[in-house]
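Input: a single structure, listed below in structure tokens.
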Amino acid sequence: MSRSALVGNVTAMLEDAGFLVSDRCAIRPKSFDVAARRGVHDFGPATLVARDLAGTTERAWTLPAPASLTCVPPLLTLSAPVPLRDRASRYVGRVETARRGEGVEFAATREYRPGDAPSRIDWNRRARTRELTTVEYREERAATVLLLVDARREAYRSPGPDAPGAVDRSVDAAGRLFTTLADAGDRVGVAALSPDDAWLGPDTGADHRAAARELLATSPALSSVPTGRRSAVRRWRRRLRRRLSPGTQVVFLTPLCDEVASRLARRLDAHGNPVTVVSPDPTADRTPEERLARVARALRRSRLRDAGVPVVDWPGESSVDAALARYAERRAR
């Protein structure tokens, strides 16, 4: 509702109640700033209270002024590398493969064969030895990646009442991963493990980025608060398998609060979709129960790694950039 319409409605309500509203009576609706979290926020009716100059008479009304605020944060990038697996799609890109072909990284040299492109001939060696050899490079392919956010009721955990929850952290990380991978030329999609359906298949382009931003910010499946309904994981997993193309990598953002999440990661990986787990840690160690939950989560991480599924542990006090940087440093050793 506009400011002029609101003032007009308030004036009419006051006059109907017997108040005299002169031209000198200034009705100034109060304004305020709102720091909104991602999502759609609905505002209900406002309460109007009017008093006479002496303060002896007071009237109150409920003023219907429905309003909705949609907050769609920007998609930021990561400063740390994204830990993708070795498999890649048929599209030329940045993921190194074992095959030799088009690329920028030197792989080997071989004898010249009729039909080899002149640009692939090692002319320096030709000048030194008079031999014709052809240079081969390590082939690079673009990755096809699905960012999967665990938004089941069981994933809504946080280490404290004022700490960000695991689902909110996962959604924020998914946005950063999406932008970073898309900037590198990869085909990226977004989905949610949730009672509500949320699916954006891997693709590229400006419209696809806008759709991903909208989905991450406003989809009911990725709400900041749980819906209270349980996810039918088996039915959801069958539907996901039908949607996933062979070889699509899955970056699974989950706090690993139960065996369902770790079992899903292993099954997707065994089905031919390489999985990397990025796990925001929602545990604490104030009570025996919290310490037991922390130990159980550590065991799930260990079993996943033993099964060949990489796990990036993301402590609650650090950023996702720091967690990915530590993982890359350990993997490089």
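Computed from the coordinates by the stated procedures, all read-outs in this text should not be read as laboratory data. On a predicted model such as this, the values are computed, not experimentally measured, just so you know. Note that we place each Cβ from the backbone using ideal geometry, even for glycine, and neighbour counts take in every protein chain shown.
Things worth noting here:
- Near residue 276, the amide H atoms lying under 5 Å from its own belong to 250, 251, 252; only residues 5 or more places off or on other chains count, and H is placed 1.01 Å from N.
- Loop sites in segment 164-262: trypsin sites (Lys or Arg not before Pro), DSSP, at most 11 other Cβ within 10 Å: 229, 230
- A simple rule links phi to the HN-Hα coupling: the Karplus curve 6.51 cos²θ - 1.76 cosθ + 1.60 with θ = phi - 60°, which for segment 215-224 gives 5, 5, 8, 10, 5, x, 5, 10, 4, 6 Hz, with x for Gly and Pro.
- Separation between Cα centres of segment 152-180 and segment 216-277, rounded to whole Å: 14
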